[in-house]
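Notes follow once the structure below has been shown.
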Ligand code: NQM
């Protein structure tokens, strides 16, 4: 594996939804977690605001890694571990998952021989290691070949591509243990109404107006508002404690969403911080979680969101670059309203296949899961 002073690791660079990053087979990475994280930092070029010495795109949305392996769990095709590599800090966070990178997992699994393609669509069942939840990605595979070209467009990605329907189940409490980790649908933090919720992503949902914002500002405007960012971080730290996440100063969760009445025919307007930078759109599990907050009676979204009725509800979540539709299947149980399935459409594309090189001083290529030496019994 080691060529001159570099170690070569087999890799596919993929766009998954509105995110992008290298996809690795778990067996090609170091088995030891500290070494693995050093490899991921070196691969992306972190820490450095430009990630100049790596393949990261100098933005949280393009500083993401997917690690995929064949699953040994019954009924599951592959395990997907997501890693958020900080751009400017030497940190790799595997606390939350990423639903955008998830869109690339099905095609990658099929192309790397971890799932067998069917004609015309291959359902790939994926275990999300970070959150312990399961997703089924329906990958277009006419004649048993992954097809990336198609007619679907998603906000934040130019052009069109083949649509991948993703069904998510049992996402409630993915990191916090409960859908509403404080037990309440509405809390007060720092004098402000907030819904603290985790339906796949720990989130704090706040009304933009309560922070003196319209909710229609551009991400650039919000990103340059230091006063707002300081206030949001103070709320996030308090919320993180209450959500059972401990001290979240060096964690990327909870993420923060400001909501406002819809502007373009959707159901609610959003501005989401991940967690310190305003997203140009909204993440997948963030949309699922914010959408759930919008459906729950008595949440911070009351009076803002267009409400729907029935066991299957489609919510259009507006964001800075368009809208994100999520279909929710609901059940009314003794414990209240429950989301039993969320479905959405993403697209993905393999951009590059080859070897990613990291300095051999970071990793000499030994002790990957595929080459790990099994100690002899004595
Ligand atoms: O919520 C951004 C993204 C995400 C996360 C982030 C995501 C999700 O838009 O499922 O996809 O949280 O940094 O890719």
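The values are calculated or read from the model by the stated rules, or taken from the named source; none is laboratory data. None of these values were measured; they are calculated from a predicted model. Cβ atoms come from the backbone with ideal geometry, glycine included; neighbour counts cover every protein chain shown.
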Seminar exercise, completed: All conditions in (1) without any contact (Cβ under 8 Å) to a residue 40 or more places away in the chain; (2) under 20 Å from residue 363 (Cβ atoms) are true of residue 49 except (2)
Problem set entry | Lone qualifier among 348, 360, 293 - being within 14 Å of the ligand (Cβ to nearest atom) and more than 22 Å from residue 174 (Cα to Cα) | 348
Exercise. Taking the stated definitions as given, is residue 351 touching a helix residue (DSSP H, G or I) at 6+ places or on another chain (Cβ under 7 Å), modelled with pLDDT of 95 or more and not in a loop (DSSP other than H, G, I, E, B)?
Worked result: no
For this session: Test residue 203 against the stated conditions and say whether it is within 14 Å of the ligand (Cβ to nearest atom), surrounded by 15 or more Cβ atoms within 10 Å (Cβ to Cβ) and farther than 18 Å from residue 131 by Cβ.
Result: no
Problem set entry | Residue in region 19-27 that is without any contact (Cβ under 8 Å) to a residue 24 or more places away in the chain and either in the same structural domain as residue 100 (by TED's automatic domain parsing) or in contact with a strand residue (DSSP E or B) (Cβ under 8 Å, 6 or more places away or on another chain) (or both) present | no
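Every residue, every condition in (1) farther than 24 Å from residue 97 by Cα; (2) in contact with a helix residue (DSSP H, G or I) (Cβ under 9 Å, 6 or more places away or on another chain), yes or no:
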site	(1), (2)
196	no, yes
203	no, yes
216	yes, yes
266	yes, no
272	no, yes
279	no, yes
Problem set entry | So residue 238, is it more than 12 Å from the ligand (Cβ to nearest atom), surrounded by fewer than 20 Cβ atoms within 10 Å (Cβ to Cβ) and over 13 Å from the mean Cα position of the chain (by Cα) | yes
Seminar exercise, completed: Checking 126, 166, 154 in turn, the sole residue that is more than 27 Å from residue 263 (Cβ to Cβ) and either in a helix (DSSP H, G or I) or touching a residue at least 24 places away in the same chain (Cβ under 8 Å) (or both) turns out to be 126
Exercise. From the residues in region 1-17 that are within 16 Å of the ligand (Cβ to nearest atom) and outside any loop (DSSP other than H, G, I, E, B), which one is farthest from the chain's Cα centre (by Cα)?
Worked result: 13
Exercise. Mind checking whether some residue in region 219-228 is within 20 Å of residue 171 (Cα to Cα) and within 16 Å of the ligand (Cβ to nearest atom)?
Worked result: no
Problem set entry | Evaluation of residue 258 against (1) assigned to a helix (DSSP H, G or I); (2) in contact with a strand residue (DSSP E or B) (Cβ under 8 Å, 6 or more places away or on another chain) (one fails), failing number | (1)
Problem set entry | Residue satisfying all of: in region 246-285; within 10 Å of the ligand (Cβ to nearest atom) and within 10 Å of residue 205 (Cα to Cα); nearest to the chain's Cα centre (by Cα) among these | 255
Exercise. Restricting attention to region 71-81, does a residue exist that is modelled with pLDDT of 95 or more, surrounded by fewer than 19 Cβ atoms within 10 Å (Cβ to Cβ) and at positive phi?
Worked result: yes
For this session: Would you please list the contacts, defined by Cβ atoms under 7 Å and residues six or more apart or on different chains, that run from a residue in region 304-315 that is more than 14 Å from residue 331 (Cβ to Cβ) to a residue that is part of a loop (DSSP other than H, G, I, E, B)?
Result: 304/261; 305/267; 306/262; 306/267; 315/267
Exercise. Counting only residues that are under 14 Å from residue 69 (Cβ atoms) and crowded, with 24+ Cβ neighbours inside 10 Å, how many does region 127-153 have?
Worked result: 1
